[in-house]
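Worksheet: the structure to be examined is printed underneath.
The values are calculated or read from the model by the stated rules, or taken from the named source; none is laboratory data. Note that this is a predicted model, so its numbers are computed, not measured. Cβ atoms come from the backbone with ideal geometry, glycine included; neighbour counts cover every protein chain shown. Side chains included, ligands, DNA and RNA excluded: accessible areas come from the protein's heavy atoms. Shrake-Rupley method; radii C 1.70, N 1.55, O 1.52, S 1.80 Å.
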Amino acid sequence: MKIRVMLSFIPLFCFTLIASGAEPIVIRFSHVVAEQTPKGIGANRFQQLVEEKLTGRVKVEVFPRARLYNDDEVFIALLNGDVQLAAPSLSKFSTITKALELYDLPFLFNDLAAVERFQGGETGQRLLHALDDKGFKGLGYWPNGMRVISANKPLRSPADLQGLTLRIEPSKVIAEQYQFLGAIPVKLSFAHTRDALRRELVEGQENSWSNIYSQGFQTLQTNITETNHSFQGYMLITSKTFWNGLPADVRGELETILAQVTEEVKAQAAEQARQDRQAIIAAGKPKVIALTDEERGLWRQAMTPVWASFTPSIGPTVIAAAQAANAGSR
Ligand code: LMR
């Protein structure tokens, strides 16, 4: 009897031993941009805070600059458990859900502050669940900046885009927006964009200041037009299987850390855009074209007809909620 009781303790004893000497949970965070961008800085900060607060229990490995996966591959990699965290641009969700196409509508948000108000509100928070039925969990939004257009010729009015080949992210809204203007949009991964510009396979591209500067796109283009026509930002995602399988206390601590990092990224993104823009202007090349209100109005007029194609699938009430967030922005 005594032996039987003792034997019944053995599995528990072994489990305790394994648990105390257990390997840390590894979180591989794959992204495509440089480390000195809002997303790159956020990813490294997350790694640092996890190391401080979950020492020995969780280890974060960050893979920037598409060293592991491009954004089109990372969704499958998450579901397969090859990586545990990613923050693709909202435009890259286009093939998975129509709901997030909202973010690509040109001239929807006036600035980053408006985006932040929308994302913090009820509709923005609801959109974090847009991928729930696909096996993903949205953990939060990180901003980058407003998009401007770079090219190897001056683009002052929308008509200047006629016949121009432009690298775009794989978004149906963005593709149609440029087709409306008579340009030729070319969907290319971020990792291949610099090379495509260098070889003149495309003549221009649209992006945030930090992505342009950190990739050196400005060295390959003659002009940048400050259209600020759309928002470029990210949804931080993981797989539901991974996230729900974490011990509750670890998951809770990771959520707290992510909330802190998200606040830091939000606080820093606009300043980063300002600095990178300034650095490009200071270098004197390419020429930065600032638009008057009237000129920007022409871009708005030329691009916004694309809304009509996507309003039914995104939903007019969602669009109205986003527009309402502009109150308080210029
Ligand atoms: C792009 O492909 O231009 C961006 O989505 C890259 C990024 O992650 O900011």
Pairs over 32 Å Cα to Cα, from K137/K285; K98/K287; K187/K266; K134/K287; K59/K134; K98/K285, come to K137/K285; K98/K287; K134/K287; K98/K285
If every Lys and Arg gets +1 and every Asp and Glu gets -1 at its Cβ, then about the Cα centre the chain yields a dipole, in debye to the nearest 20, of 420 debye
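Over every pair of different alpha-carbon atoms in the chain, take the mean of 1/r and invert it; report that Kirkwood radius in Å. Walk me through the numbers before you get to the answer.
Values: mean 1/r = 0.0473 Å⁻¹.
In the chain this quantity evaluates to 21.1 Å.
Quote to one decimal, in nm, the extra length available between E35 and T95 on full extension: 0.36 nm per residue of separation minus the C-alpha distance between them. Please report the intermediate quantities before stating the final value.
Values: separation 60, 0.36 × 60 = 21.60 nm, distance 2.66 nm.
Here the segment from E35 to T95 would lengthen by 18.9 nm.
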In the chain, taking the dipole from +1 charges on Lys and Arg beta carbons and -1 charges on Asp and Glu beta carbons about the Cα centre, the listed residue (S210, N223, V74) farthest towards the positive end is V74
The chain accessible area per residue, 1.4 Å probe, protein heavy atoms, integer Å², reads 45 Å²
Quick tally, 1.4 Å probe accessible area for Y69, Y213, sorted with the most first, runs Y213, Y69
Counting only protein heavy atoms and leaving out ligands, DNA and RNA, the solvent-accessible surface of K266 at a 1.4 Å probe, in Å² to the nearest 10, equals 60 Å²
Here the gain from full extension of T311 to A22, 0.36 nm per residue of separation minus their alpha-carbon distance, amounts to 99.0 nm
Classified through the alpha carbon gyration tensor (a ≥ b ≥ c as square roots of its eigenvalues; rounded if a/c is under 1.5, else prolate when a/b is larger than b/c, else oblate), segment 223-330 comes out oblate
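Filter the GluC sites (Glu not before Pro) in segment 165-214 down to the DSSP loop ones having no more than 14 other Cβ atoms within 10 Å, then list what survives.
Values: sites: E176, E200, E203, E206; in loops: E200, E203.
Loop-located and lightly packed - E200.
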Carbon plus sulfur, as percent of the 1.4 Å-probe accessible area of the chain, comes to 56 percent
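Under a Cβ-Cβ cut-off of 10 Å, what is the net charge of the residues other than A191 that fall near it, where Lys and Arg count +1 and Asp and Glu count -1? Walk me through the numbers on the way to the answer.
Numbers: positive: R65, R67, R194; negative: D71, D195.
Combined, the nearby Lys, Arg, Asp and Glu give +1.
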Residue span K134 to K153: 0.36 nm per residue of separation minus Cα-Cα distance leaves a gain in nm of 2.6 nm
